[in-house]
Amino acid sequence: QKKKPQTYKERASTCTNPLVQQLYKIMNLKKSNLALSVDLQNSQQILQTVDKLGPHLCIVKTHVDIIEDFSPQFTTSLRDLAAKHNFLIFEDRKFGDIGKTVKSQYEGGIYKISSWADIVNAHPVPGDGVIKGLKEAATGTNKGCLLVAEMSSAGSLAKSDYTKGAIKMAEDHKDFVIGFICQSRLIDDYNFVHMTPGVKLSEGGDSLGQQYKTPEEAILKRGADVIIVGSGILATDDPVQAAIQYKEAGYKAYEESLKN
Ligand code: 5BU
């Protein structure tokens, strides 16, 4: 039987993982389930955008490897903005290799992702060594990982038994896996945050396989906790206004979902 929907405040007090608690507290306080996918290639542009949109976001999602002028100062400044505006940082790195390799990719190289990202994600395809490897690099810190259980793109192979395997893997590693990137509700348990990309106010897609659904569809029909929006906000004349629109649409759908 389906559990009664909980408010963000209730979830913050019942969830066990401190990072998940922190996220729900932010969502409650800022009345926002909106994650901005800040897919820009210039550091200053990213920081300026995040500073303007920050008040409306619960999460800022990055692709650090598309930045053309990356420097460690960029991540320091991004962390300062996270403190200023109270959001979590999610690096959408999609780790997908054996444990020892992902461990070095997470903590090492130029990006040193484990030193600044609160959340990362991983493909479950290698088996749970991918989680064990990441976990080793995150020991003692308040970090979490999302498993890519389903994708928004056309023809994705992440479905049926693969998705079920991802759920099992998450349940086996509850201390570090804080949820899923997915397109549907996978577990009736708020300890696993469901984040859904491929969201736009009007449905459709792009020329490279992306498939969009509206915030209402993502939250009410597919059970998303957090909507991830990139071009729906960034490719507009007024990204601040667009962010407010997505935030309000997402929050309204959440309020509606509590009535179920
Ligand atoms: P968009 O501009 O809203 O389409 O951007 C979506 C972002 O989410 C982009 O950074 C993708 O890399 C990311 N994404 C996605 O679109 N679909 C997925 O299934 C996963 C990530 Br996982």
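Consider region 223-238. How many of its residues are surrounded by 17 or more Cβ atoms within 10 Å (Cβ to Cβ) and not aliphatic (A, V, I, L, M)?
Within region 223-238, the subset surrounded by 17 or more Cβ atoms within 10 Å (Cβ to Cβ) is 223-230, 232-234.
Those still in the list that are not aliphatic (A, V, I, L, M) too: 223, 225, 230, 232.
Residues that pass the stated criteria total 4.
Just name the residue that is farthest from residue 49 (Cα to Cα) out of those in region 225-244 that are free of Cβ contacts under 8 Å to residues at least 60 places away in the same chain and within 14 Å of the ligand (Cβ to nearest atom).
In this case the residue turns out to be 232.
Could you look through region 156-185, keep only residues that are part of a loop (DSSP other than H, G, I, E, B) and within 16 Å of the chain's Cα centre (by Cα), and pick out the one that is farthest from the ligand (Cβ to nearest atom)?
Among residues in region 156-185 that are part of a loop (DSSP other than H, G, I, E, B) and within 16 Å of the chain's Cα centre (by Cα), the one farthest from the ligand (Cβ to nearest atom) is 176.
Would it be correct to say that residue 193 is buried (at least 19 other Cβ atoms within 10 Å of the Cβ) and within 12 Å of the ligand (Cβ to nearest atom)? Please lay out each step first, then the result.
On the way: buried (at least 19 other Cβ atoms within 10 Å of the Cβ): yes; within 12 Å of the ligand (Cβ to nearest atom): no.
So residue 193 fails the test.
State the number of residues belonging to region 116-144 that are outside any loop (DSSP other than H, G, I, E, B) and either over 13 Å from the mean Cα position of the chain (by Cα) or touching a residue at least 40 places away in the same chain (Cβ under 8 Å) (or both).
First, the residues of region 116-144 that are outside any loop (DSSP other than H, G, I, E, B): 119-122, 129-137, 144.
From what is left, the residues that are either over 13 Å from the mean Cα position of the chain (by Cα) or touching a residue at least 40 places away in the same chain (Cβ under 8 Å) (or both) are 119, 121, 129-137, 144.
Adding up the residues that qualify gives 12.
Is it fair to say residue 257 is hydroxyl-bearing (Ser, Thr, Tyr), modelled with pLDDT of 95 or more and within 16 Å of the ligand (Cβ to nearest atom)? Break it down into steps so the answer makes sense when it comes.
On the way: hydroxyl-bearing (Ser, Thr, Tyr): yes; modelled with pLDDT of 95 or more: yes; within 16 Å of the ligand (Cβ to nearest atom): no.
Spelling it out, it is not the case that residue 257 is hydroxyl-bearing (Ser, Thr, Tyr), modelled with pLDDT of 95 or more and within 16 Å of the ligand (Cβ to nearest atom).
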Pair list, Cβ < 9 Å and 6+ apart or interchain, from region 175-194 residues that are over 13 Å from residue 149 (Cβ atoms) to residues that are at pLDDT below 95 and charged (D, E, K, R): 188/2; 188/3; 189/3; 190/3
Selected residue (criterion: nearest to the ligand (Cβ to nearest atom)) from residues of region 87-114 that are farther than 14 Å from residue 134 by Cβ and aliphatic (A, V, I, L, M): 89
Any hit, region 145-155, residues being in a helix (DSSP H, G or I) and on the phi < 0 side of the Ramachandran plot: no
Unmet criterion (only one of (1) away from the ligand (no atom under 16 Å from the Cβ); (2) part of a helix (DSSP H, G or I)) for residue 2: (2)
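The values are calculated or read from the model by the stated rules, or taken from the named source; none is laboratory data. As the structure is a computational prediction, the values presented were derived from the model and not from experiment. Here Cβ is always computed from backbone atoms with ideal geometry, including for glycine, and neighbour counts include all displayed protein chains.
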